[in-house]
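Okay, so here's the structure we're looking at.
Each reported figure results from applying straightforward, stated rules to the coordinates on display, with no laboratory input. What you see is a predicted model, and the numbers here were worked out from it, not measured in a lab. Note: ideal-geometry Cβ built from the backbone for every residue, glycine included; neighbour counts use all protein chains shown.
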Amino acid sequence: MEQESVQAVRLISKNGQPTSTSTSQTSILYVASHPDPSLGKDIILWDDVVAAFKNPLHIRNGARILPFLKGPDFKNLEPLRIAAIPTMVLEVVVEGEVPVAETSLPPAYDTLDMSTTSTTATQLVANNTCHGQTETGNNGKSNATGSTGITDDIREGSQYRDGQGVAKDYFKALECYRRAAEQGNTSAMDHIAYLYHIGGPGFPIDHALALEWYLKAANRGNLSAQGSVGELYQNGRGVPQNYHKAMEWYVKAGSQGHLWSQRQAGTLYKDGLGVEQDYSKAMTWFLKAAEKGYAEAQYSVGLMYNNGHGVPQDLHKALEWYSKAGDQGFSIAQDTIGYLYHVGGPGFSVDYSKAMEWYLKAAARGYASSQSSVGEMYRYGRGVPQNYQQAMEWFVLAANQGYVWAQNTIGDMYRDGLGIHKNQLKAQEWYLKASTKNNRK
């Protein structure tokens, strides 16, 4: 049984204070962590954070901003990932104040659809909204009898789960959810499954029980639970890993409009997991979610056009879809647009000014790769007048997040005296930082 499969996080505004939109935002939430055999450590996926919180800038541990993990080429690994620290509560720093969805989606995607960001946390608890889709909780029908009591039980359970106004107590949360579940409420069943899925203080993870409760809800039509069953099969939690079974559940939920499951189905087709690799079918599933405004799926569609997977390569079409995601604040898409304008491609002209514009969007949100790219633009005078001092400022921002390429570049600038006095000692210090980071296992 896994004991460290989640990372505790809480939402913090960029001024360093807990956001005040709802009391739920100061509570501890859990994001899935995943073992990464190539790195020998548990990681959390940036996509999960972006999906769960609107306008995330970065993740920090105390005063230290946590960097994205890099490969041997000093580039961010894809998908973007950050080392988990299971013993700490990490802070997700966001721009502005945003409500957080208190739903029981798959733990890796306890998310809020970008198109529903005006929905309050209280409404989400009551309606079990997942990716903008409301679960009525009883075979797709509203509970005409006793609905207020059921809603109160679910809300009280969530208060105990998250420690809102009461001491956190997963067993009392379970008791509250059970009362609603006994009346056939599938949202309550889904919440019970989620408790067993992620575990908590004094409450051990039990993926077998999680699967049992997810299935109770899933077989009654709860889309969130159906997606969660797929996630358990995909990752081999509580059951032997089975991509084919995962796909069956993603298709079941996705066919009913569940956006996260639609993207997951597309990903399995794209990567050939459990099914024969089929870019055309992957694109079909990505488009289902993308056309509903789901930013991660919009980015996936852009990648398909960018790489010519399932469609003729078309960088302008790729830009169109990247822009849809980027306009929602999806930093990876913003950075990718910047790179597209930076290097150009077949039928796509280089435009340093536009590259700089998009790099700055992501850089201002704390995206280290873009911060380093802004530094590069200033260093070489691309899209802006050459300015070594400005370049250094941006390189330092990225380097302080552990971005190795920026650390090496700072070393070069000290070595060559670009905008600063030559300082071989400082150069060696930065080279050592980059070397230590790159060789750390």
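Worth a mention:
- Protection proxy ranking, peptides 353-365, 376-388, average beta carbon neighbours within 10 Å, highest first: 353-365, 376-388
- Residues whose placed amide H lies under 5 Å from that of Gly200, excluding near-sequence neighbours: Ile205
- Footprinting exposure proxy for Val94, Val166, Val396 (fewest neighbouring C-beta atoms within 10 Å first): Val166, Val396, Val94
- Fewest-first sequence of His309, His342, His421 by Cβ atoms within 10 Å of each Cβ: His421, His309, His342
- A cut-off of 5 Å between modelled amide H atoms, ignoring neighbours fewer than 5 places along the same chain, links Gln7 with Val31, Ala32, Ser33.
- Relative contact order for the range 199-244, counting Cα pairs under 8 Å that sit 6 or more residues apart, in percent: 30
- The translational diffusion coefficient of the range 290-335, from Stokes-Einstein at 20 °C and 1.002 mPa s with a Kirkwood hydrodynamic radius over alpha carbon pairs, comes to 216 µm²/s.
- Protection proxy ranking of 153-165, 238-250 - average other beta-carbon atoms within 10 Å, highest first: 153-165, 238-250
- Between the beta carbons of Gln428 and Val343, assuming R0 = 30 Å, the FRET efficiency works out to 0.45 to the nearest 0.05.
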